[in-house]
1. Want the number for MET200 to ASP78: 0.36 nm per residue separation, take away the alpha-carbon distance, what's left?
2. Out of all DSSP beta bridges with both ends in the chain, state the antiparallel percent to the nearest 5.
3. Calculated from the structure, mean projected area of the Cα convex hull in nm² equals which of (1) 13.5; (2) 14.9; (3) 12.4?
4. What is the helix-to-structure angle for 14-23, meaning the angle in degrees between its Cα long axis and the longest Cα principal axis of the chain, kept from 0 to 90 and rounded to the nearest 10?
5. Taking Cα atoms of region 93-197, Rg/Rh with Kirkwood Rh, to two decimals?
6. Treating only the Cβ of Lys, Arg, Asp and Glu as charged (+1, +1, -1, -1), what charge dipole size does the chain show about its Cα centre? Round to the nearest 20 debye.
7. Any chance you could count the Lys pairs in region 1-124 whose alpha carbons are under 27 Å apart, treating pairs 8 or more apart or on different chains as valid?
8. Would you mind checking which residues have amide H under 5 Å from CYS205's amide H? H placed 1.01 Å from N; only 5 or more apart, or other chain.
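What follows draws every value from the coordinates through simple rules; no lab data is involved. Treat the numbers as computed from the prediction; the structure is a model and nothing was measured. Note that we place each Cβ from the backbone using ideal geometry, even for glycine, and neighbour counts take in every protein chain shown.
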Amino acid sequence: MNLVTISGPPSSGKTSVILKTIAAMTGRGIKPAVVKFDCLYTDDDELYRKAGIPVKKGLSGSLCPDHYFVSNIETVVDWGLEQEYDLLVSESAGLCNRCSPYIKGIRAVCVIDNLSGINTPKKIGPMLKSADVIVITKGDIVSQAEREVFASRVQAVNPRAVILHVNGLTGQGCYELSTLLYDDAHHITSLKGMELRFSMPSALCSYCLGETRIGESYQMGNVRKIDLHTGADHER
């Protein structure tokens with residue numbers, strides 16, 4: 001089975017791109033499935049079911065969705081192998097800019113939209129910088145010049161990635177993306193022992209454990225404080 005991890009900021013068009021890309025695989029004998037990770041609520045699983053795509057969903061609740069993903073992805077892969085799917089697509093929640101949802105040796109796709117601002121690529125960490133494929137959506141809403149400037153900013157951050165312009169509404173560009181997602185050379189039988197491409201965001205403090213009161217006397221553990229004199233942060 002091939003496993004593909006697809007991530008991106010909230011409302012960047014991940015689900016639409018996945019639906020159109022899987023539709024573009026019709027007739028190629030590929031049996032796909034999707035697992036949707038989210039935080040508090042999602043009805044994207046219903047969209048996959050309506051399209052006839054097997055789907056499972058998981059909600060992280062109060063946990064960081066990235067940590068929830070890495071704690072459950074092995075179980076999800078085992079499910080996909082038991083069902084004998086050819087391609088399992090893992091769709092992340094709309095992640096923060098520091099998230100790291102990719103695994104070494106597993107195809108990684110980042111979806112980002114043209115409306116997020118030309119400086120956004122510089123603000124996104126491993127989710128964009130370590131992706132194999134970067135999909136840029138909503139190009140039909142901006143001018144050609146804006147598309148080119150945004151794409152150049154993306155390429156400057158991750159010059160190794162393949163950059164594709166995809167329209168999640170019409171499906172334009174989704175066939176090209178589908179040819180990159182399934183590859184016989186990337187078949188896996190287990191994730192056991194595999195590693196993340198980059199470490200997860202780290203925090204183990206009193207607020208992680210349910211503290212709600214504000215004040216230094218209530219802050220313990222891994223806490224980062226701002227230095228207003230130098231403008232630099234420091235941990236204590």
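1. Working: separation 122, 0.36 × 122 = 43.92 nm, distance 2.27 nm.
So the extension gain works out to 41.7 nm.
2. On the way: 5 of 34 bridges.
The antiparallel fraction comes to roughly 15 percent.
3. For mean projected area of the Cα convex hull in nm², the calculated option is (2).
4. Between helix and principal axis, roughly 20 degrees.
5. Numbers: Rg = 14.4 Å, Rh = 14.6 Å.
Answer for region 93-197: 0.98.
6. Values: 25 positive and 26 negative charges, 74 e Å.
Around 360 debye, computed over the chain.
7. 28
8. ASN222
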